[in-house]
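Here the structure comes first, spelled out in structure tokens, and everything after it is commentary.
Read-outs: derived from the displayed coordinates by stated rules, not from any lab. All values derive from a computational prediction rather than experimental measurement. Please note: Cβ atoms are built from the backbone with ideal geometry, for glycine as well, and neighbour counts cover all protein chains shown.
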Amino acid sequence: MKKVKRIISLLLAAGMALSLCCMAAQTQEEPVTLFDEAWVYPVQPGAPEWQKMSIQQRLESCQIPEDIIKGMSTDALLETVLHCPDIVDIVAYSTLKLGMERTSLKIPALKELLDRGDVRLAMHRYESENKAAKSTVRSEILLTGCLHLIRRYLDMAELEAQVQAAGQPLVCSPAWTEAYVYTPMGIAVYAKKNLSWSHHEITLSYANAVCEYYLRRYQSAELLSGPSPKYNGHSYA
């Protein structure tokens, strides 16, 4: 009788151990989503509190704990990225690729989003639910423009990966010429001349919205002239 009880105990222990192993394996393959809501940034550009903060305080107010970023659903992560005060800095660089890579260093949530396999599905759901039009934090033009840039970057990354896998060089015929623009301090900045809005991957309405956003973000700044696609250099000091 004791032998039978011992055998039953061993079988139960083995079963529990097997169950724990299966649960651990499942956890490794399918990360548990802990956060289904987007992160709410405590202060947004344009708010009175924002103007009183130092640059360092503004940067700190945009930081999100890594464990929260990792635990967010992709839908929540997408909204978190789109509402980040620094997300429009993507267009502050000479190319979309450079802008996305540099901005990802400042916004870890953006890097995490780009690494998610279901990011395109999340963007489709966001657009289907028309959340950009319903937003009270950011203008619809800015939100849809950022969505376009993220999608375009993913398309470019996939194309580049396919070309590299095929062992073929990525060849294109430039429609611009090299030039230099000068900052108000007289510093020469390398640029590409005779570009169109399509070369920048954005529209005039999005460029105007970015200008308005930066004016709210830096209220001491002065807009010297409106946006133009002619150059990819940034003639500011």
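Convert each backbone phi in segment 70-82 into a coupling constant with the Karplus relation 6.51 cos²θ - 1.76 cosθ + 1.60 (shift: θ = phi - 60°), then list the ³J(HN,Hα) values in order as whole Hz, x for Gly and Pro.
5, x, 6, 5, 5, 4, 5, 5, 4, 4, 4, 5, 5
Name the residues whose placed amide hydrogens come within less than 5 Å of the amide hydrogen of residue 193, ignoring near sequence neighbours (fewer than 5 apart) on the same chain.
The list, which skips near neighbours in sequence, is 177, 178, 179.
With the cut-off at 31 Å, tell me which of the pairs 52/134; 106/134; 70/193; 97/131 have Cα atoms farther apart than that. Can you show the working numbers first?
Working: 52/134 28 Å; 106/134 27 Å; 70/193 41 Å; 97/131 26 Å.
In this structure, 70/193 exceed 31 Å between Cα atoms.
When all C-alpha to C-alpha distances in segment 101-142 are sorted into bins of 5 Å, what percent of pairs does each bin hold, rounded to whole numbers?
Taking all Cα pairs of segment 101-142, the binned fractions are 6, 20, 18, 22, 26, 9 percent.
Assuming 0.36 nm per residue, please report the length gained on full extension of the stretch residue 118 to residue 52 beyond their Cα-Cα distance. Let's see the in-between values first.
Details: separation 66, 0.36 × 66 = 23.76 nm, distance 3.86 nm.
Net length gain for the segment: 19.9 nm.
Could you grab the relative contact order for segment 32-217? Cα pairs under 8 Å, six or more apart, rounded to a whole percent.
On the way: 173 pairs, mean separation 35.8, N = 186.
Over segment 32-217, the number comes to 19 percent.
Calculate the FRET efficiency for residue 37 and residue 97 from the Cβ-Cβ distance with a Förster distance of 30 Å, rounded to the nearest 0.05. Write out the running numbers ahead of the final one.
Numbers: r = 31 Å, r/R0 = 1.03.
So the FRET efficiency works out to roughly 0.45.
Is the shape of segment 43-184 rounded, prolate or oblate, going by the alpha carbon gyration tensor and its root eigenvalues a ≥ b ≥ c, with a/c under 1.5 for rounded and a/b larger than b/c for prolate? It would help to have the intermediate numbers written out before the result.
Values: a/c = 1.81, a/b = 1.27, b/c = 1.43.
Verdict is oblate for segment 43-184.
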